[in-house]
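To keep things clear, I will list the structure first and then write my remarks on it.
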Amino acid sequence: MVNMRLLWLCAATLVVLASAGTLKDTPKQRFDNYGVYKLTIRNRIQLALIEKIGEISNKYDIWKEYDEHTKEVHIMVSPEELKHFQELLKVNDISSEQMIENVQELIDGEQVTAAADSGTFGWTKYYELSEIEAWLDSVLAAYPTVTEEFIVGQSYEGRTIRGIKISHKAGNPGIFIESNIHAREWITSASATWFINQLLTSEEPAVRNLAESYDWHIVPVFNVDGFEYSHAKNRMWRKTRQPHATNECIGADANRNFDSHWLENNGASSNPCSETFAGDEPGSEPEAKALVEYLTQIKDQFSVYISFHSYGQYLLSPYGHTAAEFPDNYADLLEIGEAFATAIEDLPYGTVYRYGSTADVLYVATGTSVDWVFNELDKKVAFTIEYRDQGRYGFILPPVQIIPNCEELMAGMLALIDKTKELGYI
Ligand code: 0X9
Ligand code: ZN
């Protein structure tokens, strides 16, 4: 009897231990009455203040960093903090406009179509990692002669970072697509899976040509831990999930963790609580380290690199680390950018994309994957796509916009690859 009780106790302890630290033991973060504000910044002091509150407090979350051209910052504020926030704006003479009244309402709306879902994988709702992976498996099984799985490596929490290669013949120029390095940017993996599906199933001649004349290496969800966490616990999660040795804030911005001008020029933060924390050193995040190793290993197999992000509607090229200098082939990159943006604007949606270097058009960002590939692997056609929208919904782009966004991607990509070819890069 005593033994039985002891056994029970041990078993119960084991269960508790096993569940400690898993995704099941903390409630899902809610965003009731969290607002998102567009601030117009007119001087350095105002900017420093906003950047500071974005870093020190968990009551704020910067959705879009300061952009030199629009002078805007987008920031999410918790309802408890709102009064204080408004006083802060008033005292510092910062003008603001509310863009989103209640973030939770958008999050709830994002799920509505899930209930009405047909059950088969499509592009009218957002999926969790396990569903995307199951779909990937089904695609690999359905197209065994032209597809092949590849593995980038393992995440901090031990998940496998998977990719799919689509190749119709030997000797094709390669194009590498990395997507969802930022967890909350769900439209990026939805677009990546849609794009994979088009390459495999579309009968349109231009898309067939795109599919069959290039080797596609596509990672639909790169930041697997963060993505899983954004579904299970916190819709607004951006970073990786590796705890910090001395700070309670978790994760680093994987897109600041690469060894190219790492942590220079204020293009990233050394504060572990910042959304743009660069990590303790380049490659401190296992995901970024694995990508560096994998890309180095296959560097002769691709010539174009594209990273999918949201939001803002931009096609961004290097450099990210400075706006005072531009790459030698910047004129070509601008020409490609113009082709991309024009093709998208010509669609009936009339969506406007801006293009140019990250540091010039958006803001200084250092240690990004695109800049690392451009500078260190010498791939001279490397871009970041920032998808819809411009802040009406931000990261919580309604599912009805997935397909229109993807149609824009295809139009833009066809033009981008055409121009890249015309300019002799592929
Ligand atoms: O800040 C970022 O990492 C990207 N914007 S986001 O709002 N999705 O976080 C832009 C990075 C673009 N720059 C380069 N890749 N060089
Ligand atoms: Zn991003």
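The values are calculated or read from the model by the stated rules, or taken from the named source; none is laboratory data. Model, not experiment: these values are computed from the prediction. All Cβ positions, even for glycine, are placed from backbone atoms using ideal geometry, and neighbour counts span all protein chains on display. Side chains are part of the model used for accessible areas, which takes the heavy atoms of the whole protein and leaves out ligands, DNA and RNA. Shrake-Rupley method; radii C 1.70, N 1.55, O 1.52, S 1.80 Å.
One table, with the values for the structure above:
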{"item": "Failed item in (1) assigned to a helix (DSSP H, G or I); (2) modelled with pLDDT under 95, with R208 passing the rest", "result": "(2)"}
{"item": "Scope region 182-207; condition more than 16 Å from ligand 1 (Cβ to nearest atom) and open to solvent by less than 10 Å² (accessible area, probe 1.4 Å); matching residues", "result": "T193, F195, I196, L199, V207"}
{"item": "Some residue of region 394-405 being open to solvent by less than 20 Å² (accessible area, probe 1.4 Å), within 13 Å of ligand 1 (Cβ to nearest atom) and not in a loop (DSSP other than H, G, I, E, B)", "result": "no"}
{"item": "Any chance E345 is under 18 Å from L414 (Cα atoms) and near ligand 1 (Cβ under 9 Å from one of its atoms)", "result": "no"}
{"item": "Long-range neighbours under 6 Å by Cβ, at least six apart or interchain, first residue on the phi > 0 side of the Ramachandran plot within region 366-386, second within 15 Å of ligand 2 (Cβ to nearest atom)", "result": "G367/R256; G367/N257; G367/F258; G367/A268; G367/A278"}
{"item": "Residue in region 24-32 that is touching a helix residue (DSSP H, G or I) at 6+ places or on another chain (Cβ under 8 Å), acidic (D, E) and at pLDDT below 95 present", "result": "yes"}
{"item": "Check on T358, open to solvent by 10 Å² or more (accessible area, probe 1.4 Å) and within 15 Å of ligand 2 (Cβ to nearest atom)", "result": "yes"}
{"item": "Candidates F395, F340, filtered to the one that is among the aromatic types (F, W, Y) and touching a His at 6+ places or on another chain (Cβ under 9 Å)", "result": "F395"}
{"item": "Test: residue in region 172-181 that is assigned to a strand (DSSP E or B), more than 16 Å from ligand 1 (Cβ to nearest atom) and either over 19 Å from E293 (Cβ atoms) or in the same structural domain as R238 (by TED's automatic domain parsing) (or both)", "result": "yes"}
{"item": "Qualifying residue in region 130-142 (condition: open to solvent by less than 40 Å² (accessible area, probe 1.4 Å), part of a loop (DSSP other than H, G, I, E, B) and at pLDDT 95 or above)", "result": "no"}
{"item": "Within region 93-117, considering residues that are over 28 Å from the mean Cα position of the chain (by Cα) and open to solvent by 50 Å² or more (accessible area, probe 1.4 Å), the one farthest from Q401 (Cα to Cα)", "result": "D93"}
{"item": "Residue under evaluation K289, criteria (1) assigned to a loop (DSSP other than H, G, I, E, B); (2) on the phi < 0 side of the Ramachandran plot; (3) open to solvent by 20 Å² or more (accessible area, probe 1.4 Å), criterion not met", "result": "(1)"}
{"item": "A278 being more than 26 Å from Y425 (Cβ to Cβ) and in contact with a helix residue (DSSP H, G or I) (Cβ under 7 Å, 6 or more places away or on another chain)", "result": "yes"}
{"item": "Residues being over 16 Å from Y294 (Cα atoms) and surrounded by fewer than 24 Cβ atoms within 10 Å (Cβ to Cβ) - total across region 361-380", "result": "5"}
{"item": "Of residues in region 302-340 being polar (S, T, N, Q) and under 23 Å from S191 (Cα atoms), the one farthest from ligand 1 (Cβ to nearest atom)", "result": "S303"}
{"item": "Residues of region 294-315 classified as in a loop (DSSP other than H, G, I, E, B) and either more than 16 Å from ligand 2 (Cβ to nearest atom) or more than 21 Å from D332 (Cα to Cα) (or both), total", "result": "5"}
{"item": "Filtered residues of region 281-293 (kept if touching a residue at least 40 places away in the same chain (Cβ under 8 Å), of a type in the set (D, E) and either out of contact with any Ser or Thr (no Cβ under 6 Å at 6 or more places or on another chain) or away from ligand 2 (no atom under 16 Å from the Cβ) (or both))", "result": "E293"}
{"item": "Hits in region 310-324 - residues which are hydrophobic (A, V, I, L, M, F, W, C) and surrounded by fewer than 24 Cβ atoms within 10 Å (Cβ to Cβ)", "result": "A323, A324"}
